[in-house]
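Peer 1: Quick one: this structure, given as structure tokens, is what I'll be asking you about.
The values are calculated or read from the model by the stated rules, or taken from the named source; none is laboratory data. Since the model is a prediction, treat every value here as computed from it, not as a measurement. Here Cβ is always computed from backbone atoms with ideal geometry, including for glycine, and neighbour counts include all displayed protein chains.
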Amino acid sequence: MDDGWRKLIEQIHASGRRVVLAITGGGSGAIGELLRVPGGSRTLLEALVPYESTSLTEFLAGSPDQACSEETAAAMARRARERARALDPEAVATVGLGATASLASDRPKKGDHRCHIAVATPEGIELTSIVLDKGLRDRAAEEDIAARAIVTALARACGVETAGFGALLGAGDRLVEGRRPPPDPLGALLIGSIDRLTAGPDGQLARSAPVPRAVLPGSFNPLHAGHIGMAHVAASLVGTPVAFELSVTNVDKPPLSEAEVGRRLRQFQWRHHVELTRAPTFREKARLFPGTIFVVGIDTAERIVQARYYGGRDAAMRAALEEIAGRGSRFLVAGRLNGAGRFATVADAAIPAEYRELFTAIPEAQFRNDVSSTSLRAR
């Protein structure tokens, strides 16, 4: 490793960026290059090589039209940045890099030998595409170019001055660079550039609406009368309107697509305020909505106080509840008919004594609805 290349990587590590890399088809040597220089733990959160088609489909939560394309690289970069934000929620600056390559192999290829690199930041997506002079180099030489192109693209995203890698390319190679500006508000939410949007009754999406005093979170798949009724009763109890909240990310499911978010929003027929967030846990919701009352069902309340939803760690559960309480939030809990045919309320939940004051019951006499989204979907 020459001194100039080492210095470039040292500057990446000193940039303060937190990075997730996703590389398929070629160029994975970039991971080794970054880790050969001390300080990689300050930069690299995770490096993924979803090489086989099934792995790539799982990573993207959908099958790409073409494995090696600019669009696939951009999708990988967006997903990588989502991972970075999930792995380090407190990070000031996160970067997702996606790279997909089709290089020299042990069998002839009909198409070009090429590499597409995309880097996602809050400012948009930077794109680099290289088409190599087919037959000029062996696999190792093409891998080296792809790896160096990936590291150079990452350096630029980290604010590091680069001389580019044009000197590595020959007269028969082609290089195209471009930039996609930040997307529309919903697109910005989906790629993680912003954490919250408010959909108002007028159908407009606002980035910085006032924080609602009461929120009813849910997946709303589908929205039903129980959700509307619970929000109405909760509003009368707390003396403030109740907004609905839909997180586009989920702890154990792929993120919602733009089309799916639109479908779920349309159920509200623009009659209610709906908060769209990237906050799948109540700890994250409390950070977005400090001082807010969360309106939930008994099933949700029970999950909030179970250690198994915190990786089996009781201390993590207590830390989450401490933070929620410290931010001035609490829960208003509706009961439900349980599997034993008994109407269960928050009094039946195994809530640690020191946190019981965070949970208040909605009296059965004021609200009861035994219909669930799960049962509606089953029908």
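Peer 1: Step by step: first the residues of the stretch 56-74, then only those that are in contact (Cβ under 8 Å) with a residue 24 or more places away in the chain and in a helix (DSSP H, G or I), then the one that is nearest to GLY98 (Cα to Cα). Which residue is that?
Peer 2: ALA73
Peer 1: Which of the residues that make up the stretch 219-230 are surrounded by fewer than 21 Cβ atoms within 10 Å (Cβ to Cβ) and not in a loop (DSSP other than H, G, I, E, B)?
Peer 2: Going through the stretch 219-230, the residues surrounded by fewer than 21 Cβ atoms within 10 Å (Cβ to Cβ) turn out to be 219-222, 224-226, 228-229.
Scanning the stretch 219-230 gives ALA225, GLY226, ILE228, GLY229.
Peer 1: Report, by residue number, each residue of the stretch 358-379 that is surrounded by fewer than 17 Cβ atoms within 10 Å (Cβ to Cβ), touching a helix residue (DSSP H, G or I) at 6+ places or on another chain (Cβ under 6 Å) and at pLDDT 90 or above. Show your work before the answer.
Peer 2: Within the stretch 358-379, the first condition is being surrounded by fewer than 17 Cβ atoms within 10 Å (Cβ to Cβ), and the residues that meet it are 360, 363-366, 370-379.
Imposing the further condition that a residue be touching a helix residue (DSSP H, G or I) at 6+ places or on another chain (Cβ under 6 Å) reduces the set to 366, 371.
The answer is GLN366, and nothing else.
Peer 1: Say we look at the stretch 166-182 and pick out the residues that are part of a loop (DSSP other than H, G, I, E, B) and among the small types (Gly, Ala, Ser); which of these is surrounded by the fewest Cβ atoms within 10 Å (Cβ to Cβ)?
Peer 2: Looking at the filtered set, the residue picked out is ALA171.
This table checks each residue for (1) assigned by TED's automatic domain parsing to the domain that holds CYS158; (2) assigned to a strand (DSSP E or B); (3) modelled with pLDDT of 95 or more; (4) touching a Phe, Trp or Tyr at 6+ places or on another chain (Cβ under 7 Å).
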{"site": "ILE12", "(1), (2), (3), (4)": "yes, no, yes, no"}
{"site": "LEU21", "(1), (2), (3), (4)": "yes, yes, yes, no"}
{"site": "GLY27", "(1), (2), (3), (4)": "yes, no, yes, no"}
{"site": "GLY32", "(1), (2), (3), (4)": "yes, no, yes, no"}
{"site": "PRO38", "(1), (2), (3), (4)": "yes, no, yes, no"}
{"site": "ALA47", "(1), (2), (3), (4)": "yes, yes, yes, no"}
{"site": "PRO50", "(1), (2), (3), (4)": "yes, no, yes, yes"}
{"site": "THR54", "(1), (2), (3), (4)": "yes, no, no, no"}
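Conditions (1) surrounded by fewer than 14 Cβ atoms within 10 Å (Cβ to Cβ); (2) out of contact with any Gly (no Cβ under 7 Å at 6 or more places or on another chain); (3) modelled with pLDDT of 95 or more; (4) not aliphatic (A, V, I, L, M), marked per residue:
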{"site": "VAL238", "(1), (2), (3), (4)": "no, yes, yes, no"}
{"site": "LYS253", "(1), (2), (3), (4)": "yes, yes, no, yes"}
{"site": "THR292", "(1), (2), (3), (4)": "no, yes, yes, yes"}
{"site": "VAL296", "(1), (2), (3), (4)": "no, yes, yes, no"}
{"site": "GLY312", "(1), (2), (3), (4)": "yes, yes, no, yes"}
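Peer 1: Any residue in the stretch 286-305 that is assigned by TED's automatic domain parsing to the domain that holds VAL215 sitting within a Cβ distance under 7 Å of a residue that is among the basic types (Lys, Arg) and assigned to a helix (DSSP H, G or I)? List the pairs, counting only those 6 or more apart or interchain.
Peer 2: From the stretch 286-305, the pairs are PHE294/LYS285.
Peer 1: Which residues, counting only those in the stretch 86-105, are touching a residue at least 12 places away in the same chain (Cβ under 8 Å) and closer than 18 Å to HIS13 by Cα?
Peer 2: Start the filter on the stretch 86-105 by keeping residues that are touching a residue at least 12 places away in the same chain (Cβ under 8 Å), which leaves 86-89, 91-105.
Result: LEU87, ASP88, ALA91, VAL92, ALA93, THR94, VAL95, GLY96, LEU97.
Peer 1: Consider ARG336 carefully, then state whether it is at pLDDT below 95 and not β-branched (Val, Ile, Thr).
Peer 2: Values: at pLDDT below 95: yes; not β-branched (Val, Ile, Thr): yes.
Yes; evaluated as a whole, the condition is true for this residue.
Peer 1: Any residue at all in the stretch 60-67 that's crowded, with 17+ Cβ neighbours inside 10 Å and closer than 29 Å to ALA286 by Cβ?
Peer 2: Taking every residue of the stretch 60-67 in turn, none turns out to be crowded, with 17+ Cβ neighbours inside 10 Å and closer than 29 Å to ALA286 by Cβ.
Peer 1: Please enumerate the residues belonging to the stretch 183-193 that are touching a residue at least 24 places away in the same chain (Cβ under 8 Å) and under 15 Å from LEU246 (Cβ atoms).
Peer 2: LEU186, LEU189, LEU190
Peer 1: Just checking, how many residues over the stretch 238-255 are without any contact (Cβ under 8 Å) to a residue 60 or more places away in the chain and either among the aliphatic types (A, V, I, L, M) or closer than 17 Å to ARG196 by Cα (or both)? Don't jump to the end; show me each part of the working.
Peer 2: In the first step, residues of the stretch 238-255 are kept if they are without any contact (Cβ under 8 Å) to a residue 60 or more places away in the chain; the result is 239-248, 250-253.
Add one more test, that the residue is either among the aliphatic types (A, V, I, L, M) or closer than 17 Å to ARG196 by Cα (or both), and what stays is 242-248, 250-251.
Number of matching residues: 9.
Peer 1: Related question: Tally time: how many residues in the stretch 326-357 are part of a helix (DSSP H, G or I), touching a Phe, Trp or Tyr at 6+ places or on another chain (Cβ under 7 Å) and surrounded by fewer than 20 Cβ atoms within 10 Å (Cβ to Cβ)? Please lay out each step first, then the result.
Peer 2: Here is the first cut: in the stretch 326-357, the residues part of a helix (DSSP H, G or I) are 326, 346-348, 353-357.
Subsequent filtering for residues that are touching a Phe, Trp or Tyr at 6+ places or on another chain (Cβ under 7 Å) retains 346.
If we keep only those that are surrounded by fewer than 20 Cβ atoms within 10 Å (Cβ to Cβ) too, we end up with none.
The number of residues fulfilling the criteria is 0.
Peer 1: For the stretch 110-148, which positions are at positive phi and either within 27 Å of the chain's Cα centre (by Cα) or not assigned by TED's automatic domain parsing to the domain that holds ILE31 (or both)?
Peer 2: Just the residues of the stretch 110-148 that are at positive phi, to begin with: 124, 135.
The answer is GLY124, and nothing else.
Peer 1: So which residues in the stretch 195-218 are farther than 25 Å from ALA84 by Cα and part of a loop (DSSP other than H, G, I, E, B)?
Peer 2: Listed by number, the residues that qualify are GLY200, PRO201, ASP202, GLY203, GLN204, ALA209, PRO210, VAL211, PRO212, ARG213.
Peer 1: Right, LEU256: closer than 23 Å to GLU82 by Cβ and touching a Pro at 6+ places or on another chain (Cβ under 9 Å) or not? Walk me through it before giving the result.
Peer 2: Numbers: closer than 23 Å to GLU82 by Cβ: yes; touching a Pro at 6+ places or on another chain (Cβ under 9 Å): no.
Judged against the criteria, LEU256 is not a match.
Peer 1: If you check ILE150 against the conditions, is it outside any strand (DSSP E or B) and either touching a residue at least 60 places away in the same chain (Cβ under 8 Å) or of a type in the set (A, V, I, L, M) (or both)?
Peer 2: Numbers: outside any strand (DSSP E or B): yes; either touching a residue at least 60 places away in the same chain (Cβ under 8 Å) or of a type in the set (A, V, I, L, M) (or both): yes.
For ILE150, the condition - outside any strand (DSSP E or B) and either touching a residue at least 60 places away in the same chain (Cβ under 8 Å) or of a type in the set (A, V, I, L, M) (or both) - is met.
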